[in-house]
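*Asks:* I have a structure I would like to understand better, so I am pasting it below and will then ask my questions one at a time.
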Amino acid sequence: PVTVYPDMLTASKVVAGRIAAIIKKKATEGKEAVLGLATGATPIVVYKELVRLHTEEGLSFKNVVTFNLDEYYPMAATAAQSYKVFMNKHLFSHVDIEPQNINIPDGELAQEDVAAFCLEYERKISEYGGLDLQILGIGRTGHIGFNEPGSAPNSGTRLVSLDELTRHDAAHDFGGKANVPAKAITMGIGTIFKAREIILMAWNEKKAGIVKKAVEGEVSAEIPATYLQLSENVEFVLDTDAASLLT
Ligand code: F6R
């Protein structure tokens, strides 16, 4: 289903509320909430609201286990553009999550260790019983995670090459496109599909064109987000601008 909210703030609060509900339900069952998280501009207000729920309303992250979608490769963990730094800044350093429950692909691995790391990432997600919820943004190439055009529907966590448009869009953060890493480690389409719930968020008119293709276009590897049309557990959460080209 597609749900359209008047603005990003309202939509982000709804998504944060759904995440909080999963965390609380799992806590009452004495279980872990296993969350798949995204970086980038899209989920920032969701994280802000989760931090508010923690500080003002006592939402605890003690039973939360997280798996981030992706990380640039190569990427120093302490670099300003690393997704580790991003997640600490926007969420983890402000809540009571146990550091050992945080999982983010490692951008510092030696090339020969990447394949084993990716298999282990998949194994670890399965060991926790799979993801309760995966949140996603969408890139202008139609990528989810860093599954760029050409990605297979059954793909797992792996090293990928970033699309030129994706590197162009990241150029600002890196002080020029030449500084944007050529590769990334990303969960696969298959990994994402195994989540019990998937929420794809998109805000503003810059995403309207790709959102239309993702939601209404023919399912194809050319726009990996179209694969989501095949899942029964997906919700597209949009603001009016991102939804403006939908029929
Ligand atoms: C980030 C990720 C990417 C972004 C996408 C949109 O972890 O996996 O797929 O969600 O590139 O980025 P923003 O939100 O910056 O527009």
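The values are calculated or read from the model by the stated rules, or taken from the named source; none is laboratory data. Fair warning: this is a prediction, and the values are worked out from it, not measured in the lab. Backbone-built Cβ (ideal geometry, glycine too); neighbour counts: all protein chains shown.
*Asks:* Give the residue, chosen from Glu205, Glu197, that is under 17 Å from the mean Cα position of the chain (by Cα) and either among the hydroxyl-bearing types (Ser, Thr, Tyr) or farther than 26 Å from Ala115 by Cα (or both).
*Replies:* None of the other options fit; the residue is Glu197.
*Asks:* Right, Tyr47: within 16 Å of the ligand (Cβ to nearest atom) and in contact with a His (Cβ under 8 Å, 6 or more places away or on another chain) or not?
*Replies:* The answer is yes for Tyr47.
*Asks:* Hey, another quick one. Give the number of residues within the stretch 125-153 that are surrounded by 14 or more Cβ atoms within 10 Å (Cβ to Cβ), more than 13 Å from the chain's Cα centre (by Cα) and not in a loop (DSSP other than H, G, I, E, B).
*Replies:* Of the residues in the stretch 125-153, 1 are surrounded by 14 or more Cβ atoms within 10 Å (Cβ to Cβ), more than 13 Å from the chain's Cα centre (by Cα) and not in a loop (DSSP other than H, G, I, E, B).
*Asks:* Here's another thing I want to ask about it. Hey, does the stretch 10-20 have a residue that's within 16 Å of the ligand (Cβ to nearest atom), under 18 Å from Gln134 (Cβ atoms) and touching a Phe, Trp or Tyr at 6+ places or on another chain (Cβ under 7 Å)?
*Replies:* yes
*Asks:* Among the residues of the stretch 145-177, write down those that are more than 22 Å from Gln111 (Cα to Cα), touching a helix residue (DSSP H, G or I) at 6+ places or on another chain (Cβ under 7 Å) and of a type in the set (D, E, K, R).
*Replies:* Hit for the stretch 145-177 is Lys177, nothing else.
*Asks:* Something else now. Scan the stretch 214-227 for residues that are more than 12 Å from Ala202 (Cβ to Cβ) and under 18 Å from the mean Cα position of the chain (by Cα) and jot them down.
*Replies:* If the condition is that a residue be more than 12 Å from Ala202 (Cβ to Cβ) and under 18 Å from the mean Cα position of the chain (by Cα), then Ile223, Pro224, Thr226, Tyr227 are the ones that fit.
*Asks:* So which residues in the stretch 104-144 are within 12 Å of the ligand (Cβ to nearest atom), closer than 22 Å to Leu238 by Cβ and either modelled with pLDDT under 95 or touching a helix residue (DSSP H, G or I) at 6+ places or on another chain (Cβ under 8 Å) (or both)?
*Replies:* Result: Gln134, Ile135, Leu136, Ile138, Gly139, Arg140, Thr141, Gly142, His143, Ile144.
*Asks:* Which of the residues spanning the stretch 159-199 are over 26 Å from Phe236 (Cβ atoms) and touching a Phe, Trp or Tyr at 6+ places or on another chain (Cβ under 7 Å)?
*Replies:* Once the filter is applied, which keeps residues that are over 26 Å from Phe236 (Cβ atoms) and touching a Phe, Trp or Tyr at 6+ places or on another chain (Cβ under 7 Å), the stretch 159-199 yields Leu159, Val180, Pro181, Lys183.
*Asks:* Quick one: how many residues across the stretch 21-44 are within 16 Å of the ligand (Cβ to nearest atom), in contact with a strand residue (DSSP E or B) (Cβ under 9 Å, 6 or more places away or on another chain) and over 17 Å from Phe67 (Cβ atoms)?
*Replies:* Residues meeting the conditions: 1.
*Asks:* While we're on this one: How many residues does the stretch 154-172 hold that are touching a residue at least 60 places away in the same chain (Cβ under 8 Å) and exposed (fewer than 15 other Cβ atoms within 10 Å of the Cβ)?
*Replies:* Of the residues in the stretch 154-172, 0 are touching a residue at least 60 places away in the same chain (Cβ under 8 Å) and exposed (fewer than 15 other Cβ atoms within 10 Å of the Cβ).
*Asks:* Out of (1) over 17 Å from the mean Cα position of the chain (by Cα); (2) more than 25 Å from Asn204 (Cβ to Cβ); (3) surrounded by 17 or more Cβ atoms within 10 Å (Cβ to Cβ), the odd one out for Leu53 is which?
*Replies:* (2)
*Asks:* Only one of (1) touching a strand residue (DSSP E or B) at 6+ places or on another chain (Cβ under 7 Å); (2) crowded, with 23+ Cβ neighbours inside 10 Å fails for Thr226. Which number is that?
*Replies:* (2)
*Asks:* Might you check whether a residue that is more than 30 Å from Ala76 (Cβ to Cβ), of a type outside the set (Ser, Thr, Tyr) and part of a strand (DSSP E or B) occurs anywhere in the stretch 216-226?
*Replies:* yes
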